[in-house]
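*Asks:* Here's a structure for you.
The values are calculated or read from the model by the stated rules, or taken from the named source; none is laboratory data. This structure is a prediction, so every number in the text was calculated from the model and none was measured. Cβ atoms come from the backbone with ideal geometry, glycine included; neighbour counts cover every protein chain shown. When the accessible area is computed, the model is the full protein with side chains, heavy atoms only, and any ligands, DNA or RNA have been set aside. Shrake-Rupley method; radii C 1.70, N 1.55, O 1.52, S 1.80 Å.
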Amino acid sequence: MTLNLLTLVAFVGGFLGLIALAIALVRRGELHLGPGQMPDDRIVQHADGAESIDVYLDRMAAEMRLPAGDTADIRAELLDHLADSIAALEAEGFDHQAAIREALGRLGPPVELGRQLRAAHQTTGRLFAGAGGGVLAAGGGFLLGYIGAAAAGFVVILVLALAASLVSRLGIPTPNLSTPDGNAVGNGLYLTFVLAAGAAVSMRFAVRVSAGLGRRSPRGAAVFWTVAGVIVFGSWAVFGIRGQQSWVGAVVAPAVPIAAAFGALYRIDRPMPHVGRWALVIAIGAIAILELGYGLLLSAGVTTSGATFEQGASQPDFHFDHAAPIAPAAWLPAGAIAGNDYSETGGIGHASSYFLAASPDQASQAPIPLTGVLAGWHDLRFEAWHAYPNWEPNSPIGVDTSYPSPFVIEPAIVNGDTLDAGFNFEKLRDGRDWWFFVTGVGPDGNRYRLSDGHGGWTPFNGSVWDWITAPQ
Amino acid sequence: MQGKIRAQLLKGTTTLLVLTVLRDGELYGYEIAQRIRERSGGAFVPSEGSLYPALHALESAGALQASWRDGDRGPRRRYYKITTAGLGLLDQHAQEWVAFSQGMGLAVEGAKR
């Protein structure tokens, strides 16, 4: 058994273990949140005075603020006590109404009794048990909701792909969604959907478990978990998750904290039916679907990582002159800029243009001092221009001539035999397809392009907040 | 006046009385109150309003275990059973009470002279 397989087994086992623990906690909590005991029918069937007893117990229950199951149990226990007490008093000679008044009087003020019973149930130990159990249940519930929604979404996507394939075979044109923009939108919607499902299940589990174990009313616990869920899941959705983004993804991101609040509040007093059965089936089924699905996709040769794409500068008409005309040979010897390079480290793109000796011995590629080559030039800078998307089959290539100016301008910094500048294309909303050039103002006072530059594409990589606040 | 003094003396002893009567077997709430009254010869009549909070607090602390059961000839009732932890608590309370009552007895005897 390889280490990777062991890691996978531990990973899946850990997930299932946490889900199973959450389910066990929910079932434990539901014991206190269920319907509770039926009231003593000796009192209920006795119309005379039952109303005053109900009023007394209602006032007591309102003060207790305990889960429904516990409240019902206490009501049933006190009704049982009252039935015995009333019967004994009647045997002593009290009439029925007087016996009820006396029996209720012996229990004391209902508000005081409710307060004392609440203190007896809502102990500090149970508060911690509720909080700890709620956190564990939130984790397991999130995993359950996440993988359940991921598996459901996966199946839906497969069905849609199959349907699209059939439709296209019939000659009906279908929209091309396999574009970087389409992928970013699709990924954003899918991720929001699974996160929202996870957040909703997480909060529902947390509220029910913390209310049950902490002996609080679910509505009271829901207030705390709603605030916590909106903060945690909202922060995660907007600031935490990084990757390709789109305006659609940014718009739907608030669905995650909204789903958390919905899960915590919507009909939260209702018992969770048969959590043990369906939850385990969903968990195991979802993992099986995802594992088998990914296995099939990978065996079909589909990669899950992004691809990089670069184009050389030797293709005809890349519209470079749209950025600036090439420098006259008299002012910049041919081949002076021997190449351009672009690399990304830690999210920061690094652009450079390197110079070679402008001499017959150019083959030696010995570096030359920049001062000699660039004498008479000033205001040297790197310009990043929008490029046509190179993934479209019939699209023009090279610099996108619909943009009148570069979207990023960085001063060129002399660094030995190269000119350098830092870009951060991956934090630019509109900078996915780009082409950069070094330009400078020549001896005649006009700006020229010093070389054919360098092109490529860099998808946006950041959080929703990065996307919203990113410069164009 | 006598009842008021007795109620004040009784205050704080409910736990000891409940654990004492439950040491002999399972009982439900009303029975517990009756049993305390009988065993004390009517000297102690615990307030019914403080009995149930005490029972539930002892259950929360693990000193009692409660369960709903059908009565022998009546409706379902909530029966309380003392646990091992409850027996330990009873010993502790009983020792404290004996020491307290002896000290109080000496003090009161001194006041009589």
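*Asks:* For the range A:46-114, which helices (runs of 4 or more DSSP H) that fit wholly inside it have 3 or more residues that are touching a Ser or Thr at 6+ places or on another chain (Cβ under 8 Å) and either of a type in the set (A, V, I, L, M) or more than 10 Å from chain B (Cβ to nearest Cβ) (or both)?
*Replies:* A:96-107
*Asks:* Restricting to the range B:15-41, and then to whatever is among the small types (Gly, Ala, Ser) and open to solvent by less than 50 Å² (accessible area, probe 1.4 Å), can you tell me which residue is nearest to residue B:70 (Cα to Cα)?
*Replies:* B:29
Conditions tested, residue by residue: (1) farther than 27 Å from residue A:268 by Cβ; (2) in contact with a helix residue (DSSP H, G or I) (Cβ under 6 Å, 6 or more places away or on another chain); (3) modelled with pLDDT under 90.
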{"residue": "A:44", "(1), (2), (3)": "yes, no, yes"}
{"residue": "A:48", "(1), (2), (3)": "yes, yes, yes"}
{"residue": "A:61", "(1), (2), (3)": "no, yes, no"}
{"residue": "A:75", "(1), (2), (3)": "no, yes, no"}
{"residue": "A:99", "(1), (2), (3)": "yes, yes, no"}
{"residue": "A:115", "(1), (2), (3)": "no, yes, no"}
{"residue": "A:158", "(1), (2), (3)": "yes, no, yes"}
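*Asks:* Next question. Out of A:137, A:151, I need the residue that is more than 14 Å from chain B (Cβ to nearest Cβ), open to solvent by less than 10 Å² (accessible area, probe 1.4 Å), over 16 Å from residue B:51 (Cα atoms) and at pLDDT below 90. Which one?
*Replies:* On inspection, the qualifying residue turns out to be A:151.
*Asks:* Further, regarding this structure: Whether any residue in the range A:122-132 is under 47 Å from the mean Cα position of the chain (by Cα), open to solvent by less than 10 Å² (accessible area, probe 1.4 Å), over 13 Å from residue B:53 (Cα atoms) and within 14 Å of chain B (Cβ to nearest Cβ) is what I want to check. Walk me through how you get there before you give the answer.
*Replies:* Start the filter on the range A:122-132 by keeping residues that are under 47 Å from the mean Cα position of the chain (by Cα), which leaves A:122-132.
This time we only want the ones that are open to solvent by less than 10 Å² (accessible area, probe 1.4 Å), so: A:130.
With over 13 Å from residue B:53 (Cα atoms) added as a condition, the list becomes A:130.
Then drop every residue that is not within 14 Å of chain B (Cβ to nearest Cβ), which leaves A:130.
Looking for residues that are under 47 Å from the mean Cα position of the chain (by Cα), open to solvent by less than 10 Å² (accessible area, probe 1.4 Å), over 13 Å from residue B:53 (Cα atoms) and within 14 Å of chain B (Cβ to nearest Cβ), one finds at least one in the range A:122-132, hence yes.
*Asks:* On to the next question. Looking at this structure, is residue A:20 at pLDDT 85 or above, within 12 Å of another protein chain (Cβ to nearest Cβ) and open to solvent by less than 60 Å² (accessible area, probe 1.4 Å)?
*Replies:* Judged against the criteria, residue A:20 is not a match.
*Asks:* Of all residues being modelled with pLDDT under 85 and buried (at least 17 other Cβ atoms within 10 Å of the Cβ) in the range A:256-289, which is nearest to residue A:229 (Cα to Cα)? Just the residue, please.
*Replies:* A:272
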